[in-house]
Amino acid sequence: MNAKEIVRKQRDYFNNQNTISYEFRYNALSKLRDVILKYEDQLNEGLYKDLGKNKTESFFAEIGQVLKELNYIQKRLKKLMKNKKVKSHIVDFPSKSFISPYPYGVTLIISPWNYPVMLSLGPLIGAIAAGNTVIIKPSEYSTNTSKLLEEILSSVFHDEYIKVVNGAVKETQDLLDQKFDYIFFTGSSNIGKIVMEKASKHLTPISLELGGKSPVIVDQYANIEVAAKRVAFGKLLNSGQTCIAPDYVYIHESVKNEFIQYLKESIEEFFGDNPIKSKDYGKIINNKHYNRLVDLLDNEFIVYGGVTNKQERKIAPTILDNISKESKIMQEEIFGPILPLITYNDLNEVISYINDNPTPLALYLFSENKKVIKRVLNECKFGGGCINDTIMHVSSDYLPFGGVGESGMGSYHGKASFDTFTHYRSIIHKSTKIDIKARYAPYTKTKEILIRKLLK
Ligand code: NAD
């Protein structure tokens, strides 16, 4: 079946009201949970083959996150689907007003390779809960997991409801040439622009979950030991191939040496003194990205790590010190286990740099000083983040996750996932028993006085 045929079939399926009822959506979510659990071992294997992910990390950062989100939404589905009563204005008397959620229709989810399970099935939960049909286009780079996703979903869902289309640029563009009712894209800013342009041809609303350089600020008031540990955790999860990984650290000069020391200790505590041999440490997705990252390793600045293994596509956790804002590594999203440190003395300089550059997806501040926390929150623009932690805001069902500006538009997770895939219709249900004539012509003086009284 080509892209056009799949979309047509899904549109017929949607237009025949198949996906609308509560029971249908609830059962689809149950089927999804069952099939994920059934295939958990194979998913772990796929993630290991693609990214060298340890089984515990795969559950913690992918499969478990999906199951958690699924439980959250399924438990609240009835409530989410309900019409929400609101007040009626006096000019609409007598009437009832309500906001009525309705699915968009035929939706497209395009996902990247770094968290291929979470970033395909996570949005799928929202799309199902909201009552849409879905086509998923996983990344061609995470070959094993992407193939598995197709096998898994086709074993429980018909193509006219949920269909995985594997392929690369051509297949994605064929899909993007069709008219969708919503497109949910996760990936790089460059491809995000292509997706947005294609969507504009059909005026299709979109979410763009993009990336960028997410800064960490560690100030002189921070708990340095904890900061180092949590930065190391966030940076090295999936070998740094995480959209919200700390990209670089702005470190206050007075605590820099202490921070570097604790960073080293944390890395060794997590992965031993030869991390690329650790079973808990992942690999780089492909040779292109491996070579790109090796190119960023400048011996002059390495204060820790720097070890590489081309055959296994592994790069040891590496700290670069005395990095200037003009250096090559500061010009692109790193997306790997290399952590540059920039030293600062004046918080104004840090805030200006962050605001003068593309708006980050995440920002992390380590500080115990309320004034500093307030300043950074008041003065910096970014998608979301943590104070005294990294990454963890992504895993809360209670927090909408997404970027702003160059890091994306729209958000999801928990209720926000349902909202993203839902159009909220505003409805006034009016009584026909009384028909106030003031709004109808001819507009007499008395009518004008009445209208002015009601609206002013
Ligand atoms: P990518 O943009 O290269 O690819 C994403 C998807 O787009 C893939 O499915 C790919 O097949 C498709 N694609 C590639 N070229 C295309 C083209 N010319 N036309 C249409 N589709 C095309 O991104 P990636 O390398 O897979 O992922 C890494 C990027 O994703 C990083 O920038 C990272 O920060 C970002 N990311 C963001 C989030 C988030 O939640 N905000 C999560 C993970 C990754």
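Among the numbered criteria (1) within 14 Å of the ligand (Cβ to nearest atom); (2) in a loop (DSSP other than H, G, I, E, B); (3) of a type outside the set (D, E, K, R); (4) open to solvent by 10 Å² or more (accessible area, probe 1.4 Å), which one does Phe180 miss?
(4)
For region 46-53, does any single residue satisfy the condition of being farther than 26 Å from Gln178 by Cβ, in the same structural domain as Val7 (by TED's automatic domain parsing), free of Cβ contacts under 8 Å to residues at least 60 places away in the same chain and more than 16 Å from the ligand (Cβ to nearest atom)? Steps first, please.
We begin by selecting, within region 46-53, every residue farther than 26 Å from Gln178 by Cβ; these are 46-53.
This time we only want the ones that are in the same structural domain as Val7 (by TED's automatic domain parsing), so: 46-53.
Applying the additional criterion that residues be free of Cβ contacts under 8 Å to residues at least 60 places away in the same chain yields 48.
Going one step further and asking which of them are more than 16 Å from the ligand (Cβ to nearest atom), we end up with 48.
Yes, region 46-53 has at least one match.
Any idea how many residues of region 110-143 are out of contact with any strand residue (DSSP E or B) (no Cβ under 8 Å at 6 or more places or on another chain), within 15 Å of the ligand (Cβ to nearest atom) and not acidic (Asp, Glu)?
Narrowing region 110-143 to residues out of contact with any strand residue (DSSP E or B) (no Cβ under 8 Å at 6 or more places or on another chain): 113-118, 121, 125, 129, 139-143.
Filter once more, so that each one left must be within 15 Å of the ligand (Cβ to nearest atom): 113-118, 121, 125, 139-143.
Narrowing the set further to residues that are not acidic (Asp, Glu) leaves 113-118, 121, 125, 139, 141-143.
Total meeting the criteria: 12.
Just checking, how many residues over region 22-68 are crowded, with 18+ Cβ neighbours inside 10 Å, under 21 Å from Phe421 (Cα atoms) and of a type in the set (S, T, N, Q)?
The qualifying residues number 1.
Which of the residues that make up region 403-431 are part of a loop (DSSP other than H, G, I, E, B) and on the phi > 0 side of the Ramachandran plot?
Passing the criteria: Gly410, His413, Gly414.
From the set of residues in region 386-412 that are among the hydroxyl-bearing types (Ser, Thr, Tyr) and more than 9 Å from Ile244 (Cβ to Cβ), which is most open to solvent (accessible area, probe 1.4 Å)? Don't jump to the end; show me each part of the working.
Just the residues of region 386-412 that are among the hydroxyl-bearing types (Ser, Thr, Tyr), to begin with: 390, 395-396, 398, 407, 411-412.
Checking the rest, the ones that are also more than 9 Å from Ile244 (Cβ to Cβ) come to 395-396, 398, 407, 411-412.
Working: Ser395: 27, Ser396: 30, Tyr398: 161, Ser407: 0, Ser411: 38, Tyr412: 7 Å².
In this case the residue turns out to be Tyr398.
Out of everything in region 266-318 that is closer than 29 Å to Ile224 by Cα, surrounded by fewer than 18 Cβ atoms within 10 Å (Cβ to Cβ) and basic (Lys, Arg), what residue ends up being nearest to the chain's Cα centre (by Cα)?
Lys279
Looking only at region 85-117, which residues are open to solvent by 40 Å² or more (accessible area, probe 1.4 Å) and outside any loop (DSSP other than H, G, I, E, B)?
First, the residues of region 85-117 that are open to solvent by 40 Å² or more (accessible area, probe 1.4 Å): 85-91, 93, 96, 98-99, 102, 104.
Lys85, Val86, Ile90, Val91, Lys96, Phe98, Ile99, Tyr102 - these are the residues of region 85-117 that are open to solvent by 40 Å² or more (accessible area, probe 1.4 Å) and outside any loop (DSSP other than H, G, I, E, B).
Looking at Val350, is it surrounded by fewer than 17 Cβ atoms within 10 Å (Cβ to Cβ) and either closer than 13 Å to Ile267 by Cβ or touching a residue at least 24 places away in the same chain (Cβ under 8 Å) (or both)?
Working: surrounded by fewer than 17 Cβ atoms within 10 Å (Cβ to Cβ): no; either closer than 13 Å to Ile267 by Cβ or touching a residue at least 24 places away in the same chain (Cβ under 8 Å) (or both): yes.
Judged against the criteria, Val350 is not a match.
Is there any pair with a first residue in region 433-456 that is under 17 Å from Pro94 (Cα atoms) and a second that is surrounded by fewer than 11 Cβ atoms within 10 Å (Cβ to Cβ) whose Cβ atoms are under 7 Å apart and which are 6 or more apart or on different chains, and what are they?
Leu454/Ile90
Please find, among Val164, Val156, Val169, the residue that is more than 10 Å from the ligand (Cβ to nearest atom), among the β-branched types (Val, Ile, Thr) and surrounded by fewer than 21 Cβ atoms within 10 Å (Cβ to Cβ). Spell out how you get there, then give the answer.
Working: Val164 fails: surrounded by fewer than 21 Cβ atoms within 10 Å (Cβ to Cβ); Val169 fails: more than 10 Å from the ligand (Cβ to nearest atom).
Answer to the check: Val156.
If Val226 satisfies all but one of (1) aliphatic (A, V, I, L, M); (2) over 21 Å from Gly408 (Cα atoms); (3) open to solvent by 40 Å² or more (accessible area, probe 1.4 Å); (4) assigned to a loop (DSSP other than H, G, I, E, B), what's the number of the condition it fails?
(4)
Report those helices (runs of 4 or more DSSP H) wholly inside region 16-68 carrying at least 2 residues which are of a type in the set (Val, Ile, Thr).
Working: elements: 22-38, 40-51, 55-58.
By residue number, 22-38.
The values are calculated or read from the model by the stated rules, or taken from the named source; none is laboratory data. On a predicted model such as this, the values are computed, not experimentally measured, just so you know. Ideal geometry is used to build each Cβ from the backbone, glycine not excepted, and the neighbour counts take in all protein chains shown. Areas reflect the complete protein model, heavy atoms only, side chains present, ligands, DNA and RNA absent. Shrake-Rupley method; radii C 1.70, N 1.55, O 1.52, S 1.80 Å.
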